[in-house]
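Derivation of every value follows stated rules applied to the coordinates shown; laboratory data play no part. All of these numbers come straight from a predicted model, not from anything done at the bench. When we count neighbours, we look across all protein chains shown, and the Cβ atoms used for this are built from the backbone with ideal geometry, even at glycine.
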Amino acid sequence: MAYVYYPGCSLKGTGVSYEKSLLATFKRLNIPLQELDDWNCCGATSYMSISEEQALLLSARNLALASENDGDIIAPCSACYMILNRTANILRDDRTLRQKIVEKLKNVGLEHLNLSVRVRHPLDVLVNDVGLDTIRSAVVNKLTGLRVFPYYGCLIVRPGNGFDHPTYPTSLDRLLEALGCEVIDHPLKTRCCGGSLTGTLEEVGVRLVYILLKEAKKRGAHTLATLCALCQFNLDVYQEKAARKYNEAFDFPILFFTQLVAFALGANPRDIGLEHHFVPAEQVFEMVR
Amino acid sequence: MKKKVAFYWCASCGGCEEAVVDLAEFLLDALEQIEIVFWPVAMDFKIEDVEQLTDGEIFASFINGAVLLSDQEEVVRLLRRKSQVVVAFGSCSHQGGVPGLINTHDRQDVFDYYYHNGPTVQRNGNEMPTPTGAKAFHVALPEYYGKARPLNQVIEVDYYIPGCAPPPNVVKDALLQLLSDSPPPRGTVLAGAHSLCSECPLNETKPPEGFKIKQFVRPSQVTHIDPDTCLLMQGLPCLGPVTRSGCNALCIKGHMPCTGCFGPLDGVRDFGAAALSFLASLIDSNDEAEIQRIIDEGLPDPLGTFYMYSFPGSLLNEVLQKGRQKARAWREREETVEAQTTENQ
Amino acid sequence: MKQGNGTVPRIGVYVCHCGTNIAGNVDVKAVVDFASKLPGVVVAREYKYMCSDPGQSLIKNDIREKNLNRVIVASCSPHLHEHTFRHATLEGGQNPYLFHMVNIREQVSWVTEDKMSATEKAKALVEAAVYRVRYHEALETKEVPVNPDVLIIGGGIAGITAALTLANAGKKVYLVERDYSIGGHMAKFDKTFPTLDCASCILTPKMTAVKDHPNIHLFTYSEILEIDGYVGNFTARILKKPRYVIEDRCIGCYVCVEHCVYKTPKFPSEFDEGLGLRKPVFIPFPQAVPLIAAIDPETCIEFKSHRCKKTCQEACRDLVGRDAIDFTQREEVVEVQVGAIIVATGFKTFDARRIPEYGYGRYPNVYTSLEIERLVNSSGPTGGEIVMRDGRKPRRVGIIHCVGSRDRNFNPWCSRVCCMYSLKLAHLVRERTGAEVYNFYIDIRTPGKGYEEFYEKLMQEGVHFIRGKVAEVTDWTITPEETGKLVIRVEDSLVGVVRRIPVDMVILSVGLEPRDDAEEVRRQLNISCSSEGWFLERHPKLAPVSTFTDGIFIAGACQGPKDIPDTVAQAGAAAAEALALIDRGSVELEPNIAVIDEQKCSGCHVCIALCPYSAIAFNEEKNVAVINEALCKGCGVCVGTCPSKAITQQLFTDEELLAEIEGVLLV
Amino acid sequence: MDTFEPKIVGLFCNWCTYLAADLAGISRMKYSHNLRIVRVMCSGRIHPEFVLWAFRNGADGVLIGGCHPGDCHYIEGNYKNLRRFLLLRKLLEQVGIDPRRVRLEWISASEADKLKQVVNDFAETLRELGPFGTELPEEPVLDIHPKEEAVS
C-alpha cells in the first residue's frame, strides 16, 4: 500500500526529528511514502475562527491535491490530522458549502476533490495497516528494559476520529510493547500537555507540563513517547522552566514514538533527529545498548 | 338453412388460417351446416359482398390477428355489425399476441427497424410508406397505428378461441359448441378450464411434496431434456401452471416448455404477473445476490418470457398507458402554470 | 369501482376523535362529510371515544336500526382495538368480519406534520376501507383446544413466581433454567431494598417450593432449542446439557466436592462473580435448587486428559453409595407440549470495562455492584466481611451511579434499580465497616413505596452525596492524603467545582441490559424486541405482559429494567394471563387462513413446497392441492403464488386488497 | 410552481413494518405524509399484480415492508417476496419504469426510526423522479377510434 505524506509546517520546523524518524521508519518497513507535492498550510491556527470558509478552502486544497494520487494521507502532526479530517467531514455533510469550495478549487485548476480520501495518523497506520506482528518480526534492536510513558495528547483520539478509545487509548501502548519496551500504564494518556497555553498563560502551561513529567518520573519511566510535534516541543523545551518553578530536577528525554520505532527497526541513531532535542535524548538509546 | 360464417385476418402470421385448413375432413363435414361468405385468404369475396348483407345476417365471424392498421379496424367493425357472434380466433386476436410486443416500442423505432435497420433489410435511401401512398394510382395505404390491440379492445367479442395457432381439436370443439343448441355463455374462452398441468402427461412426475428451482435454462441452452420429467423441474421456464389447457400439452410433448399462448385462466387479471409470481416464488434461494444471479442468468427477458402473447391486453400495458397520460397531464399543467407566471410578469 | 360480493353493501363509517389524539391533527368532521358521500355508505358519524361504551353502542344501534351490513371504524391501530369493534359488530347482530378498521391515529394524526395533509390521508384510508369492505364476507372462526400446560423460560424470581402461581392453580408447569440452579440474580443478593430483608430468607423458600411442587417440572442447566406451533398448542424442544451428575441419584452431600483431586478450590466461582473459588466439581451455592453437584468439563482433569483418578466418582460410589457421577453423560433433547409460554429471561449487567476511565479491570479495588453484593453476602466468598482484593478493609468508599445508564455513549435508559441498590450498598458498607461512603449521582431516583424514606434515612446516617457525573477514577495522586488511594474526579455540580475524592474502594453501579442472546430468544419465539433489545410488550400500558404473538407472555427484566417488587407483580400478571387463556379451554383462531377452491385448482404443485408449515398436501385422486386448516397460519404465500388463482386468503382476498389499493389512491 | 407530491402505497406486513409504523406513531415521529399503508399479514402475500395495480391506479411509488431476513413471523415469507420483487423490478426496468419506484425494505417492529427515514427518503426520491410515467418516452397521441358498443 502506498501513502501520501503530508508534513505540515511542524515537521519541517520544530518537529524535524519527527519527520526524520518517520521517514526512517517507513524506509525500514519498505513502505513508500511520497510527500504531497505543493502542499500548503493545513488551516489550523487561527484561520478557522476568522473565516471558516477560507480556512476550509485552504485545508481542502490539500485534500484536492491528494485526490490526484491513490492512497491515504498520512498526517503526523496532531493538528494537521485533526483539521484535515474535520474539513473532509464538514464538506461531506454540508452540500452547499461543498459546492462553493469545489467551485473555488476549480478556479485554481483543481478539478477533483475526493472526500473519501482518508486522513490517517502514522500510529493508526503502523498498528492497523502494517500490524503489530509485522513490526514485532521486523524489530532488530529490541528495546528491552526501557520503561516508556506513552502519551497521546489531546487531539488524535478525539471522539469521531475513531481509531482508538477517546479517553483510554491503547494503540501506542501495544506498539511500544511490540518493540520490547516496558510500557507504563497511567491515567494521563490524553491529558493536556499545556502546549497551547505556554505561549499565552505560561503559568498554567508550565504547571501542566510539570504534572506530566512528575507522573512519568514517579512511575519510573526512562522516557516519554509522544505523537505530536507540539507536545514534544512543549514537554522538551519547558522542562527547565517547570523544574525551576517546582524546584524539582527532571532531565527527562521526550521522544517521538517514531524515534523508538525507527531505532528498534534498525535505523541509525544518527538519522532519527536526536540532535534536535533540548534534553539530550541519546542517553535513552545508550541505555538499551 | 346453412349458417353464414366469415373468416378474417388482421395482424397475424397466417398460422390461424392454416389452423382452419388443418380441420381437414371436419371442415368438409361442417360445410353441410355452414356457408362461408367471406374468407379473404382462401376465397374471392370482396368487402362489398359483406356490406350488402343485412345486419346480423352472418351467424359467426372468426377473426384472427391483432388490430394494427386502420383497414383492419374498418373490416372488423363491419363484421361486428353483420354478425350475431364474433369469435376472436387465436392468441393475437385473443390477447394481442406476438405482434403486440411492438407496443413496447416507439412507433418510429419500429419503422426504422422495419424499413432501414433490420439485419435483412437492404437500405435504399429513406423510403417510408405513407398513408396517402402514391397519388398517381389513387391507392391509399391504411394507417399504421403503432399499437396492436386485441380484438376486444376494438369491438365487442362474444367468444375466444385461444392458441398460437389454435390446434384443430380446440377449433373443432369450439365450432361444435357454437353450433349446438345451447352455446356457452358469452365471453367464454373456448378451451380448458384448468391450467395446462391438469392435462400435461408430465404432471405426475412432480413429487407430492412439491419442488423448487435452483436455476433457469432456456431450451437452446440445454443439450439434453429428460422427456419423462416435468420440464419446469428441469429449470425450463415452462408456463404450463399459469396457462389455460386445451392443447393437450402439444409443446411439452415436443419437449418444449409452454410459452403461454392459450393465455390465463378465468380470474387471472394479468397473465405475466401471475407467471412471474409463481416462477420467482419457486426459486430455491434466500440469498439476494444468488436470487439476482439466477434471475439474470436464466430469465434475461422477463417481458418476452411472461408477456409473449398477452402484452397489449395486460395490466402492465395499462400501467404504462396510464403513466404516460399522467406524465403528460403533469407536463401540460406545469407548462400552463409557467405560461401564466410569465404572463403575470 | 369494482362490484362487491353480491350483497348490497350498507356501510357505517365511524370516525374517532380519540380525545385530541386524532381530532387535534385531523379535521374529523371533514372526514365524516367525505365518508358520508362515498358509495354504499349509509351512515357516517364522529365520536369522541369510539372504544367507549357509548361509542360502541353507536355501532350496535346503527346495525339494528339502519340495517348496516358493513362497519368501518377509523381510529387507532387494529392491533389495539380491532377486537373491540369486531365484538361490537357481533353484538349488533352482524358477523364480526364484516368490520374493518382504519388506522388514523398511529399512522396519520400522530405522524403527520400539518392538519391538512393528515386530513387528506385520513380520507384516503377511509375511502380505501369503503372500497374494501364491499368484498368482506361473513366468516366462521375456528376454535382450537388449548393445552393446559405452561412453559416458563427463566428461573429467576419472575419465572419462580409465575411457576408457583400457575402450579398452585393446578396447572402443569415446565420451568426451564439455563444455569445449574434457579434463583437468578436475586439469589446473589444479600439484602433487598428498601426493607433490608435478607434475599435468601425470602427467596429460598420459594425455590424449595418450586422443587417440591408436584405440578412443576424443573429443567435446570437446560436451554430452549426450538419453539413451534401457535397459541394453545406450542411444542418446545428443550436441550438438557450434561452436568455429569445423575440428577435423581445426587443428594447434594458435597462428598464428591470434598474428595475432588483438587484439595482446595482453584477456579473462579461464577456464582461469586469470580471473587470466590470453586473446584471442577461443585455445587454453585449452598441454597441451590436443585441441590445437585455438577462437573465443569472446562476445568475437570478427566475431561482434559482422561487421566484423573476420579476420586469424586469413587467417593460417591463407595462412601455415599449413590454412584451419581457419570462422565459419559450426554446432552438430551426433551420435547414438551404446552398451551402458553412465559418468557422471564431477565437481564445482564453492563460490562464496566466498556468505560475504561473508571478503571474496572485495571485497578483491583474497583468493583461492580454485583461483586459487592457477593462481598456483603454472609454466604459469599468472604462470609460477609468487606475486604478488598488486597486484603485491606476500606475506610473510604465511592459509589458511582449510572454506570452505563443514562449515557448516550452506552445506554440511554435509566436502569431503575441502581439508585436504590446503591443506597442499600452504601448502608451495608457503612454498617459493616464504618467507612465514609460517597455516592456520586446524576439524579437520585427513588419512586417506590418506602424508597424516598430510605434515601432520607441514608442521608441521616451520614452517607455523602455528591451530584455530578464522575469523569474518571485514577491512580494519579497529588497530595499526601491521596497517596495509595484511588482518586475519583468529578465536577460537583451543586457547588460548581471540580473535586478529587480519594477513596480505597470504588463501587460501579452498573446498569441493566438485555441479555446477549435476547435476539436469539426473540427469533425462537417469534416475538419482537424494542430497538434496545428488551422484549416488546403488546401495549406499554394496557398489555404490558402480552406480546404480539398470542399465547406468549413476558415477565420481569427481560421486558425492561425492573426491581423485585415490579418483577414479582409482572410475573403474577403473566401467570394470570396464561391462566385466563388456559381456563377458557379453547381459542378462536383468526379466520385469515388460505382456502383452496378445488374446482379451480389445476394440480400444478407450485404452492406445495412454498408453504412454510407444510400445510399443503397433494390429493392424487382429485389431482388438487389440499390445505390442512389446522396447520395453516395465514401468511398468504401460497395465495400470492397460485397461478390458477384457486387459493384465496380470508380477510385478505385479492379483491379486498386490490380494492383497498385502488381506494387509497383516490384522494 | 407547486411542487409535485408523490403518492406512495405501502404494502406492509402485519408483524414488522406495520408495527414499526405504529411505533412511529406512538413515538410521535413526523414523517412525509405521502405514504398510505395497506396491511397484509406477510410480505409473502404480496403478488406482483398488487404493485402493478397500485401504479395503474395512480401510485408514484410502492414501498414493500417486511421483516428482516431470518425474522419472518411466517419463517420465510419475506424471502418469497424478495424473489418476486427482484424479478418484478427487472421487468419494470425492462419496460422503461425507473426501478427506484419500487422499494423493498426490511423494517422490524422496533425500527420506527428506520421507517421514518425510509419514507422520507423514498418521498424525496420520488419528488425528484416526478410523477409515475415521467421516465417513459413520450409518444404521439394516436387517433385510435374508441371501441364500439355491442350491437345486440
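Which of the listed residues, A:V288, A:V140, A:P269, is farthest toward the dipole's positive end in chain A, when Lys, Arg count +1 and Asp, Glu count -1 at the beta-carbon?
Looking along the dipole axis, the top candidate is A:V288.
What are the ³J(HN,Hα) couplings of the range C:630-641, residue after residue, when phi is run through the Karplus curve with 6.51, -1.76, 1.60 and θ = phi - 60°? Round to Hz, x for glycine and proline.
For the range C:630-641, the Karplus-derived couplings read 5, 8, 5, 10, x, 7, x, 4, 5, 5, x, 10 Hz, x marking Gly and Pro.
Between the range A:106-154 and the range B:21-70, how many Å separate their Cα centres?
89
Can you give me the Rg/Rh ratio for the protein assembly as shown, using Cα atoms for both radii and the Kirkwood formula for Rh?
On the Cα set of the protein assembly as shown, Rg over Rh gives 1.05.
List every residue whose amide H lies under 5 Å from the amide H of A:C42, counting only residues 5 or more places away in sequence or on a different chain, with H placed 1.01 Å from N in the peptide plane.
A:C9
Order of B:M308, C:M207 from fewest to most other C-beta atoms within 10 Å?
B:M308, C:M207
Can you list residues from other chains, or at least 5 along the same chain, whose modelled amide H is less than 5 Å from the amide H of C:R515?
Amide H to amide H, under 5 Å and 5 or more residues apart or across chains, C:R515 pairs with C:K348.
Cross-link partners among lysines for C:K457, C-alpha distance below 17 Å, same-chain residues fewer than 8 apart left out?
C:K191, C:K424, C:K449
Stokes-Einstein D for the range C:517-623 at 37 °C, 0.692 mPa s, Kirkwood Rh over Cα pairs, in µm²/s?
For these conditions, the coefficient is 193 µm²/s.
Which angle between 0 and 90 degrees, to the nearest 10, do you get for helix C:654-664 versus the longest principal axis of chain C when only C-alpha atoms count?
90
Hey, any idea what Rg/Rh is for the range C:213-314, computing Rh the Kirkwood way over Cα pairs?
1.06
Determine the calculated [θ] at 222 nm for chain B from helices alone, applying -39500 (n - 2.57) to every DSSP H run no shorter than 4 residues and normalising by the residue count; nearest 500 deg cm²/dmol.
Counting only the DSSP helices, I get -10000 deg cm²/dmol.
Across the range C:327-336, in residue order, what do the Karplus-derived ³J(HN,Hα) couplings come to in whole Hz, using 6.51 cos²θ - 1.76 cosθ + 1.60 with θ = phi - 60° and x for Gly and Pro?
6, 9, 4, 10, 6, 9, 10, 10, 10, 10
Evaluate the distance, in nm, between pseudo-label points positioned 7 Å from the Cα of C:Q287 and of C:R362 along their respective Cα→Cβ axes.
With each label placed 7 Å out from Cα toward Cβ, I get 3.8 nm.
If R0 is 22 Å, what FRET efficiency do you get for B:Q325 and B:R77 from their C-beta distance, rounded to 0.05?
Calculated transfer efficiency: 0.30.
Which whole-number percentage describes the relative contact order of chain C, with Cα contacts under 8 Å and a sequence gap of 6 or more?
Rounded, it is 14 percent for chain C.
What is the helix-to-structure angle for C:157-168, meaning the angle in degrees between its Cα long axis and the longest Cα principal axis of chain C, kept from 0 to 90 and rounded to the nearest 10?
Between the helix axis and the principal axis of chain C, the angle is about 60 degrees.
Relative contact order for the range A:3-120 using alpha-carbon pairs under 8 Å, separation at least 6, rounded to a whole percent?
31
What GluC sites (Glu not before Pro) does the range A:56-130 have in DSSP loop regions with at most 11 other beta carbons within 10 Å?
Answer by residue number: A:E111.
At 222 nm, what value in deg cm²/dmol follows for chain A if DSSP H runs of at least 4 each add -39500 (n - 2.57) and the sum is divided by all its residues, to the nearest 500?
-13500 deg cm²/dmol
Within a 10 angstrom radius of the beta carbon, how do A:H222, C:H136 rank from fewest other beta carbons to most?
Lowest count first: A:H222, C:H136.
Given H placed 1.01 Å from N in the peptide plane, which residues other than close sequence neighbours of C:S546 have an amide H under 5 Å from its amide H?
It is C:R538, C:H539, C:I554, by chain and number.
Take the eigenvalues of the Cα gyration tensor for the range A:132-286, scale each by 5, and report the square roots as semi-axes in whole Å, largest first.
25, 19, 13
Can you report the principal axis dimensions of the range A:3-120 using only the alpha carbons, biggest first, rounded to whole angstrom?
44, 29, 23
Along the range B:81-96, what does the Karplus equation 6.51 cos²θ - 1.76 cosθ + 1.60 (θ = phi - 60°) give for ³J(HN,Hα), rounded to whole Hz, x for Gly and Pro?
Computed from phi, the couplings for the range B:81-96 are 5, 8, 10, 6, 10, 10, 10, 7, 10, x, 4, 5, 6, 6, 10, x Hz.
Enter the angle in degrees (range 0 to 90, nearest 10) between the Cα long axis of helix A:78-93 and the first principal axis of the Cα atoms of chain A, meaning the one along which they spread out most.
That works out to roughly 30 degrees.
Go ahead and run the numbers for FRET between C:K263 and C:D326, Cβ-Cβ distance against an R0 of 22 Å, rounding to 0.05.
Plugging the Cβ-Cβ distance into 1/(1 + (r/R0)^6) gives 0.40.
Jot down the per residue volume, in cubic angstrom and as a whole number, of the convex hull over the alpha-carbon atoms of the range C:11-139.
Spread over its residues, the Cα hull of the range C:11-139 gives 82 Å³ apiece.
Suppose we take every Cα in chain C and form the convex hull; what volume per residue is that in Å³?
Each residue corresponds to 203 Å³ of Cα convex hull volume.
So, R0 is 56 Å and r is the distance between the beta-carbons of B:D181 and D:S27; what FRET efficiency does that work out to, to 0.05?
Efficiency computed from Cβ-Cβ geometry: 0.20.
Along the positive direction of the dipole of chain A (beta-carbon charges: Lys, Arg +1; Asp, Glu -1; about the Cα centre), which of A:N40, A:A225, A:G71 reaches farthest?
Checking the options against the dipole of chain A, the answer is A:A225.
Can you compute the charge dipole magnitude of chain C about its Cα centre, using +1 on each Lys and Arg Cβ and -1 on each Asp and Glu Cβ, nothing else charged? Give it in debye, rounded to the nearest 20.
Computed about the Cα centre, the dipole is about 1060 debye.
Lone cysteines in chain B, defined as no other cysteine's Cβ under 4.7 Å from theirs: which are they?
Cysteines of chain B left without a disulfide-compatible partner: B:C10, B:C13, B:C16, B:C92, B:C200, B:C230, B:C238, B:C247, B:C251, B:C258.
Among DSSP beta bridges whose residues both lie in the protein assembly as shown, state the antiparallel percentage, nearest 5.
Around 35 percent of the beta bridges assigned by DSSP in the protein assembly as shown are antiparallel ones.
Around D:F85, what is the net charge, scoring Lys/Arg as +1 and Asp/Glu as -1 over all other residues with Cβ under 12 Å from its Cβ?
Around D:F85, the surrounding residues sum to +4.
Rounded to the nearest Å, what's the spacing between the alpha carbon centres of the range D:24-68 and the range C:62-80? Just the number, please.
Centre-to-centre distance over Cα atoms comes out at 24 Å.
Considering only DSSP beta bridges with both partners in the range D:8-129, what is the antiparallel share in %, to the nearest 5?
5
Return the distance in nm (one decimal) between the two label points of a simple spin-label model at B:E18 and C:T195, each offset 7 Å from Cα along Cα→Cβ.
Taking the simple label geometry, B:E18 and C:T195 are separated by 9.5 nm.
To check my understanding: the extent here is largest minus smallest coordinate of the Cα atoms along each principal axis. What are those three numbers for the range B:196-313, in Å, largest first?
Principal-axis extents of the range B:196-313 (Cα, largest first): 38, 35, 29 Å.
Write out the trypsin sites (Lys or Arg not before Pro) in the range A:50-123 meeting two conditions: DSSP loop, and at most 16 other Cβ atoms within 10 Å of their Cβ.
Listed in order of number, the matching sites are A:R118.
Among the listed pairs A:K217/C:K393; C:K266/C:K309; C:K60/C:K633, which have their C-alpha atoms separated by more than 24 angstrom in this model?
Table pairs above 24 Å Cα-Cα are A:K217/C:K393; C:K60/C:K633.
If one computes the Cα centroid of the range A:158-230 and of the range B:293-318, what distance in Å separates the two points?
Computed from Cα coordinates, the inter-centre distance equals 67 Å.
Rounded to two decimals, what ratio of Rg to Rh does the range A:101-197 give with C-alpha atoms and a Kirkwood Rh?
1.13
Quick one: grab the alpha carbon gyration tensor of the range C:348-513, order the square roots of its eigenvalues as a ≥ b ≥ c, and give me rounded if a/c is under 1.5, else prolate or oblate depending on whether a/b is larger than b/c.
Taking the square roots of the gyration eigenvalues as a ≥ b ≥ c, the range C:348-513 is rounded.
Would you mind listing how long chain A runs along its three principal axes, going by Cα atoms, in whole Å with the largest first?
55, 45, 31
Using the crude model of +1 on Lys and Arg Cβ and -1 on Asp and Glu Cβ, and no other charge, please compute the dipole size for the protein assembly as shown relative to its Cα centre, in debye to 20.
4440
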